[in-house]
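The values are calculated or read from the model by the stated rules, or taken from the named source; none is laboratory data. All values derive from a computational prediction rather than experimental measurement. Virtual Cβ from ideal backbone geometry, glycine too; neighbours counted across all protein chains shown. The protein model used for the area step is the full one, side chains on, heavy atoms only, and it has no ligands, DNA or RNA in it. Shrake-Rupley method; radii C 1.70, N 1.55, O 1.52, S 1.80 Å.
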Amino acid sequence: MPSRATPATPATPATPATPAPSATRAVRARHAVRNAANTPAVSTRLAVLARLAAAVLGGYGLAWGLVAACTSLAVAAGMGFHDAEFLSSLVGVLAFLGALLWAIAARRLWPVWAVLLGGGALLAGVGSAVQAALI
């Protein structure tokens, strides 16, 4: 019986198929998204830095204003200066802790800056006004 051999396919050189331009853009976009997810963006670092600055600097400003206002108001109410200063410092530490936690947990940052700096300035103004009235 004669054997039937299948005809051999001609050997083709290995040339890579060039993808369509839209497919290349899609692949590049996927790689860009994947790379962006692996490395923190500059804007993320700045957001963390701004939140940390609000927590530390704004919290310090609020605590300083609160200590100034509480000390001058307590002295005006008749408490001894050193007792008023000590009590106000304890209140200021608690206020700093609360401001620090709030600045870290807040969803938006601009109200944190506004409240901490505005409140600190207002309380410092109150403390200065009461102190000026006492002298």
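A few notes on this one:
- Restricting attention to the range 95-112, the residues being surrounded by fewer than 17 Cβ atoms within 10 Å (Cβ to Cβ) and in contact with a helix residue (DSSP H, G or I) (Cβ under 9 Å, 6 or more places away or on another chain) number 6.
- Of residues in the range 58-82 being without any contact (Cβ under 8 Å) to a residue 24 or more places away in the chain and aliphatic (A, V, I, L, M), the one nearest to ILE104 (Cα to Cα): ALA74
- Scan the range 71-94 for residues that are part of a helix (DSSP H, G or I) and open to solvent by 40 Å² or more (accessible area, probe 1.4 Å) and the total you get is 14.
- Condition met for VAL67 (open to solvent by less than 50 Å² (accessible area, probe 1.4 Å) and part of a helix (DSSP H, G or I)): yes
- Lone unmet requirement of (1) at pLDDT 95 or above; (2) surrounded by 15 or more Cβ atoms within 10 Å (Cβ to Cβ) for ARG51: (1)
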